[in-house]
């Protein structure tokens, strides 16, 4: 009897542990209100598929690297591509609609990067379908569908291919590749981007589990408005389960010369790989990503939030390419898909620590656009390279003209140099420094040498900038701008020394004599004429982290105490992460924890809790905020620091409710760092 009780107890404990493990990795939406719905994204660094409140539909499919001029601002915008992951379903001749379904649930599994939707249609049918952007195939997605009859019924699934409104000259094609061992139907569409700059294409196909010759008969239908569909009909008996898969690929002339044929080739490849092989390789790729993880013991909510943030950053970029990160990642068209300092200062640092190989892709984006930055500097009367505040696919300035950030928010150029040096500090890749790192750092340093002005006081000044706090426009000597210029000039000098090259002596002179102002109480002034105004976002406090311009704890605390109350409640999420990190590093992890929670919790929107840019905002997913949030864990509570020796850990403390924090897969050596509460 005792043995039986022990066995039962063990089974219950095992079941409980399994449920917790699943809960840790899943985000569930079971109260789906179309009027208050912000979708979650499945992505692979190239395509981003955003969920919809409508059953069997997705909201957007975004294609990385594909830009054209259209819409708001007269500037280039990232493009939606064809909605090749949408479906319709008829049951006994009646189209499934939201009004007639029940038990409607969507579940994101972060461990395997899949979004599964389940629902019941009346008393006739249960539906389950799972969407994945395949990690190992950058241009390909897969949708698995499982239909279970509750009573005898006839089902007609439709695979839909439709064009978003901004695409033009849409052409639809359908053909069947008939081989003795395989039948491959191809539903294909091709269109031009708004100005005709790009050609975009998508193609999808069914994968059936029936043997060759037993597949359902397919019917192709051409509709107006750039839409066509492929359908089949199947009779199901009560209790019968029927499964099929759709694979689809999308690509543009930004990526290949012949997108139509390549989209079809990629879809054929996926169709003949079959479902099980595709799933295996997709999961293997994600398992490798998750070797670099953050584990929090004692706070289930923080644990899930950390996985959610990591999941999104991992989803939005990939190794071996030259595309960067927009503030909204691949979750839609927010900020036109442009690249800001959000990448180098906020999203890049966690990626560099956990996956340097992916971080290199973000740097390659900047390096390949170095010539455009040099041309930008020349047109503004400067030397070196001047990176645009909003960068598009060509590396051109893409800020709308009404925003003064485009002509004047120059700290972006130092931000880029900062990121380049940090990569070298972590990897010690001297060949990369010779061919990539120093050539860019030199141009950045030359820009600042031409940008500073020597005043009557004998000091250097940077005149007429927009601050990191963007509410302060056209001011002089912004603390953050001057501070990061000091650091990046030092990095350029260090890079030259490591390569046994001669650095420009003017760089050191500027470093030593570039001013950062303080007020009469010894508080660092945000800019020369700052007088205590409310600020949009972190500026002065950045001099203590991620910069090391201010290192004395008393000075850090003085600035922190002064500016904490001056942050606007309408500011972006990532700024509060800085307040968390600095409080934690000053030995106050409880206050650090308060700011940690404020850096993400008020910004969650229903039904998945994706992050908006501001508390109460409506423009998710704010990947910049995720980057800041992750830095609170890695660089605040985790104590990780990137210095001349690479990644090192400084002493730190955890909030009292946490038992331990473990960071795995850190840096090129994939080290593990742990902090425990005593």
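The values are calculated or read from the model by the stated rules, or taken from the named source; none is laboratory data. This is a predicted model, so every value here is computed, not measured. Every residue, glycine among them, receives a Cβ derived from its backbone with ideal geometry; neighbour counts consider all protein chains shown.
Just a few scattered comments:
- Annotation for segment 219-229: at least one member residue is assigned to a strand (DSSP E or B), farther than 24 Å from residue 140 by Cα and touching a strand residue (DSSP E or B) at 6+ places or on another chain (Cβ under 9 Å).
- Checking residue 93 against (1) surrounded by fewer than 16 Cβ atoms within 10 Å (Cβ to Cβ); (2) within 33 Å of the chain's Cα centre (by Cα), the condition it does not meet: (2)
- Residue match in segment 589-608 (condition: over 24 Å from the mean Cα position of the chain (by Cα) and surrounded by fewer than 16 Cβ atoms within 10 Å (Cβ to Cβ)): yes
- Residue tally, condition touching a helix residue (DSSP H, G or I) at 6+ places or on another chain (Cβ under 7 Å) and in a helix (DSSP H, G or I), over segment 280-299: 1
- Residue within segment 159-181 that is under 28 Å from residue 27 (Cα atoms), at pLDDT 95 or above and in contact with a strand residue (DSSP E or B) (Cβ under 8 Å, 6 or more places away or on another chain) present: yes
- Residues of segment 510-529 that are in contact (Cβ under 8 Å) with a residue 12 or more places away in the chain and either assigned to a helix (DSSP H, G or I) or over 18 Å from residue 555 (Cα atoms) (or both): 510, 511, 513, 514, 528, 529.
- In segment 315-347, residue surrounded by the most Cβ atoms within 10 Å (Cβ to Cβ) [restricted to those that are assigned to a helix (DSSP H, G or I) and out of contact with any helix residue (DSSP H, G or I) (no Cβ under 8 Å at 6 or more places or on another chain)]: 337
- Residue count for segment 375-395 under the criterion of being assigned to a helix (DSSP H, G or I) and either surrounded by 20 or more Cβ atoms within 10 Å (Cβ to Cβ) or in contact with a helix residue (DSSP H, G or I) (Cβ under 6 Å, 6 or more places away or on another chain) (or both): the result is 2.
- The single condition from (1) outside any helix (DSSP H, G or I); (2) more than 24 Å from residue 325 (Cα to Cα); (3) without any contact (Cβ under 8 Å) to a residue 24 or more places away in the chain that residue 497 fails is (1).
Okay, residues lined up against (1) over 22 Å from residue 81 (Cα atoms); (2) within 31 Å of the chain's Cα centre (by Cα); (3) at pLDDT 95 or above:
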{"residue": "222", "(1), (2), (3)": "no, no, no"}
{"residue": "225", "(1), (2), (3)": "no, no, no"}
{"residue": "228", "(1), (2), (3)": "no, no, yes"}
{"residue": "238", "(1), (2), (3)": "yes, no, yes"}
{"residue": "248", "(1), (2), (3)": "no, yes, yes"}
{"residue": "255", "(1), (2), (3)": "no, yes, yes"}
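- Segment 314-341: number of residues that are under 20 Å from residue 410 (Cβ atoms) and under 12 Å from the mean Cα position of the chain (by Cα): 3
- Per-region count, segment 406-454, residues touching a residue at least 60 places away in the same chain (Cβ under 8 Å), more than 19 Å from residue 357 (Cβ to Cβ) and in contact with a strand residue (DSSP E or B) (Cβ under 6 Å, 6 or more places away or on another chain): 3
- The set of residues in segment 34-60 that are touching a helix residue (DSSP H, G or I) at 6+ places or on another chain (Cβ under 7 Å), over 18 Å from residue 204 (Cβ atoms) and outside any loop (DSSP other than H, G, I, E, B) contains only 41.
- Within segment 531-556, the set of residues being surrounded by fewer than 16 Cβ atoms within 10 Å (Cβ to Cβ), assigned to a helix (DSSP H, G or I) and in contact (Cβ under 8 Å) with a residue 12 or more places away in the chain comprises 553 only.
- Test result for residue 524, over 19 Å from residue 453 (Cα atoms) and touching a strand residue (DSSP E or B) at 6+ places or on another chain (Cβ under 6 Å): yes
- Residues being out of contact with any strand residue (DSSP E or B) (no Cβ under 6 Å at 6 or more places or on another chain) and either buried (at least 20 other Cβ atoms within 10 Å of the Cβ) or at pLDDT below 95 (or both) - total across segment 114-154: 2
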